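Asks: Below you'll find the structure I mean.
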Amino acid sequence: MSAVLFGALVPADDGARRNVWPSEAVIRGLTRGLRERPLMEDPIVTSWLALIERSKAELGGYLVELLRFLRRHPRPPMAMDRRKILEEAAENQRGRELMLGRDERGTATADDRAALAAYEEDLRPFRDIVAAGRAKRAACKGQVA
């Protein structure tokens, strides 16, 4: 056990003699507070998204919006969530087209360029996930054949 985690747990011990350790849920909460797992390493992204949802999101044009949803809510989206994700994707696509047009004409603002950069920054790890998922499936097909 790391010294930092131990230091966080010792004040959390309980009981009359302060000799009862916290529950697993408390310990997990403390460890998350110390170091949150990067979203790209979370099973919701590495398994569900990379292997199941990727094709739909990629073809539907809502990869970034889905990833942003998963940052806020690390679970598969429900029907209502999907509608919001698709609406956000359509709105973002319209906005990106306007900003790209302004950029081509040389009239883009700093905010336009920042928004386009943020979108691309969110898309980059997604492309890595997609590539890894494709490579994994290709490797599996090679073993079966």
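The values are calculated or read from the model by the stated rules, or taken from the named source; none is laboratory data. Every value quoted in this text rests on a predicted model; they were computed, and no experiment measured them. For the accessible areas, the whole protein counts, side chains as well, though only heavy atoms, and no ligand, DNA or RNA atoms are used. Shrake-Rupley method; radii C 1.70, N 1.55, O 1.52, S 1.80 Å.
Asks: For all pairs of alpha-carbon atoms in the stretch 43-143, what percent lies in each bin of width 10 Å, listed from the first bin to the last filled one?
Replies: Whole-percent P(r) values from 0 Å outward: 14, 41, 28, 13, 2, 0.
Asks: Kindly report the accessible area of the stretch 43-143 per residue (heavy atoms of protein chains, probe 1.4 Å, no ligands, DNA or RNA), in Å².
Replies: Working: 6280 Å² over 101 residues.
On a per-residue basis, 62 Å².
Asks: Also, quick follow-up: Kirkwood Rh, Cα Rg: Rg to Rh for the stretch 84-145?
Replies: 1.23
Asks: Each residue of the stretch 114-120 in turn: what ³J(HN,Hα) in whole Hz from Karplus with 6.51, -1.76, 1.60 and θ = phi - 60°, glycine and Pro shown as x?
Replies: 5, 5, 5, 5, 5, 5, 5
Asks: Counting pairwise Cα distances across the stretch 49-93, what percent come out greater than 12 angstrom?
Replies: Numbers: 574 of 990 pairs.
Tail of the P(r) past 12 Å holds 58 percent of the pairs.
Asks: Given a 1.4 Å probe and every protein chain left where it sits, what share in percent of the accessible area of the stretch 43-143 is carbon and sulfur?
Replies: Working: 3620 of 6280 Å².
Taking all protein chains in place, the stretch 43-143 shows 58 percent carbon and sulfur surface.
Asks: Then there's this: Which distance in Å, rounded to a whole number, links the C-alpha centroids of the stretch 86-104 and the stretch 116-143?
Replies: Here the answer is 23 Å between Cα centres.
Asks: Using a 1.4 Å probe on the protein heavy atoms only, what accessible surface does W48 show? Give it in Å² to the nearest 10.
Replies: Accessible surface of W48 is approximately 40 Å².
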